[in-house]
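Notes follow once the structure below has been shown.
The values are calculated or read from the model by the stated rules, or taken from the named source; none is laboratory data. Since the structure is predicted, the reported quantities are computational estimates derived from the model, not experimental observations. We place every Cβ from the backbone using ideal geometry, glycine too, and count neighbours over all the protein chains shown.
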């Protein structure tokens, strides 16, 4: 699959304000500073489509982008607020958590949630806990290990294997995963082909 066009549609403060659910939808979510906006821009081939910031917490609403891909199919890409590191108040943090949880559980056209995990680190409890929650909610998801260019290849593989081993303690069937680099473009073809595969089954 190749992206022919990608355009920003709307930023919504809650799931009920999102666009009409008339297209397959693919959401991207991860800890603050995981490289989410950079990955989205790399996938779409547009450097400034999603806002990239050195300060965690830049994305604060549910951001919809309409994508036109090679087979003239249209779908939504959604940039969700990050969780974890952003310097925000407890009240605001709870508001973000409710917005994310409501979106994930209520958005009827969500075809897949891409959960981003920083490949530079050993398994983090917050990521594992959220994945287990997705399992409880029966949400379709896959994992994208980001920033692989920041590691030596051996370190990336070790961290990915350790993460999947941690998941295997509670999961009998492990989710699909990708290893990516927004700088080098690694993972772009594989992720887009996976989206195309899912589009063909919706």
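Worth pointing out:
- When region 114-130 is limited to residues that are assigned to a helix (DSSP H, G or I) and more than 21 Å from residue 37 (Cα to Cα), the one that is farthest from the chain's Cα centre (by Cα) turns out to be 125.
- Within region 171-183, residues that are within 13 Å of residue 118 (Cα to Cα) sit with their Cβ atoms under 6 Å from residues that are assigned to a loop (DSSP other than H, G, I, E, B), at 6+ positions apart or across chains, in these pairs: 178/187; 179/187; 180/187; 182/35.
- Residue match in region 100-113 (condition: over 19 Å from the mean Cα position of the chain (by Cα) and part of a loop (DSSP other than H, G, I, E, B)): no
- For region 183-202, the set of residues classified as in contact with a strand residue (DSSP E or B) (Cβ under 7 Å, 6 or more places away or on another chain), farther than 10 Å from residue 144 by Cβ and assigned to a loop (DSSP other than H, G, I, E, B) consists of 202 only.
- Scanning region 131-152 for residues that are assigned to a helix (DSSP H, G or I), in contact with a strand residue (DSSP E or B) (Cβ under 7 Å, 6 or more places away or on another chain) and surrounded by fewer than 19 Cβ atoms within 10 Å (Cβ to Cβ) yields 134, 149.
- Number of positions in region 41-68 that are crowded, with 18+ Cβ neighbours inside 10 Å, at pLDDT 80 or above and either part of a loop (DSSP other than H, G, I, E, B) or in contact with a strand residue (DSSP E or B) (Cβ under 6 Å, 6 or more places away or on another chain) (or both): 7
- Restricting attention to region 69-81 and to residues that are closer than 15 Å to residue 28 by Cβ and at pLDDT below 95, the residue that is surrounded by the fewest Cβ atoms within 10 Å (Cβ to Cβ) turns out to be 80.
- Residue count for region 12-40, restricted to those that are surrounded by 14 or more Cβ atoms within 10 Å (Cβ to Cβ) and farther than 27 Å from residue 201 by Cβ: 8
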